[in-house]
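Single-structure report; data block below.
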Amino acid sequence: AINNFKTGTGVNNPASDTGSSNVTTTPSVILNTTSITFSEAETATYTVVLNTQPTGDVTITPVSSDTGAATVSGVMTFTTVNWNTAQTVTVTGVADADTSNETVTISHTIAGSDYAAVTSVNVTATVTDDNTGVTFSETARTLGEAGTATYTVVLNTQPTGDVTITPVSSDTGAATVSGVMTFTTVNWNTAQTVTITGVADDDTFNETVTISHTITGSDYAAVTSANVTATVTDDDTAGVTNSKTARTLGVLGEAGTATYTVVLNTQPTGDVTITPVSSDTGAATVSGVMTFTTANWNTAQTVTITGVADDDIANETVTISHTIAGSDYAAVTSANVTATVTDDGI
């Protein structure tokens, strides 16, 4: 009878050693896939099964070509009972510090009974790097007012599409930054330059600016990056300017007056007081304390010198010094003003 599997006879009967078209099955190993892809520290699986019942136990041991990139689960044993039940191989990616994808070949060592000479196809495992991120050449820069400093930015991994990185200054009154950078799938590993430009101002203190980075696009949409700190060193020197360094009184009598003005050279960090002091109040007195703030620091204030009439007939010279106190002006000194009091001879 044709294809009579029960009797063991007939054409194409696998149980028969006779017949004109007897089929003989060669022992082999069946894999459900020959390639897998996964990320570092993640896993992927595939299955292995025998295609014929072995004459005894068969062991299949997966072997990774690079255990620094991916490891594999252990030996599998197939018996005369479970030979046709697929068993699972687990491949685990290994996290590393580089930013490149890696390809691992998984071969299979087969031993046992009638499978001793059997070979199996390999499985190719692609381990995609998980070190998506941004690298800066510097995290701190120092520059002067109106000066510049630079740092570079580059992606750690090839993106799936365009990525934009926009530097943002925390204080554009102290330092500005250059504009948006675009990284593509082609130029992603070519560093681009950020230029920081200091802004000149009227104060006398150094300023610290934080430069953050707005990142958008493809698989970098959720990526964050470190900030860069820019220190802008001030180029202004605290000081006081007097409109006059010498005044003469007495044109209209010893009791006459003269004036000069005082102004700060730079914006202070807080209130500054300047007190004129006469070296001889018997010859000339001066007006009182002046207060300069962060708002009125560049508005000149007036000092009035008033001559004092006396009974002698000699001209007198008075030195007017200035006591300065407050904020970043505490150590500042000022030039003196010389007041000549002309005697009126009365």
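Quick note: the coordinates plus some simple rules give every number you see, no bench work behind them. All values reported here derive from a predicted model rather than from experimental measurement. Here the Cβ is made from the backbone with ideal geometry for all residues, glycine too, and neighbour counts use every protein chain on show.
Listing for the model above:
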item	result
Distance (nanometres) between label positions extended 7 Å along Cα→Cβ at Asp114 and Phe205	9.0 nm
Environment charge at Thr281 (Cβ cut-off 14 Å; Lys +1, Arg +1, Asp -1, Glu -1)	-4
The stretch 121-178: mean projected area of Cα convex hull, nm²	5.9 nm²
Cα gyration tensor shape of the stretch 188-346, rounded if a/c is under 1.5, else prolate or oblate by comparing a/b with b/c	prolate
Cα gyration tensor shape for the stretch 22-99, rounded if a/c is under 1.5, else prolate or oblate	prolate
Förster-model FRET efficiency, 35 Å R0, Ala314 and Thr241, C-beta, rounded to 0.05	0.60
Pairwise centroid distance, computed over Cα atoms, of the stretch 77-156 with the stretch 310-346, Å	82 Å
Computed E for Thr166/Ala330 - FRET, C-beta separation, R0 35 angstrom, nearest 0.05	0.25
Selection from Pro268, Gln301, Ala258, by position along the positive dipole direction of the stretch 245-323 (Cβ)	Pro268
Cα pair distances exceeding 19 angstrom across the stretch 52-191, given as percent	67 percent
DSSP bridge pairs, the chain: antiparallel proportion in percent, nearest 5	85 percent
Residues Val75 and Ser100, FRET efficiency given R0 of 41 Å [Cβ-Cβ distance, rounded to 0.05]	0.85
Label-point gap, in nm, between Thr193 and Thr281 - each point 7 angstrom along Cα→Cβ	6.4 nm
Two-decimal Rg to Rh for the chain - Kirkwood Rh, Cα set	1.54
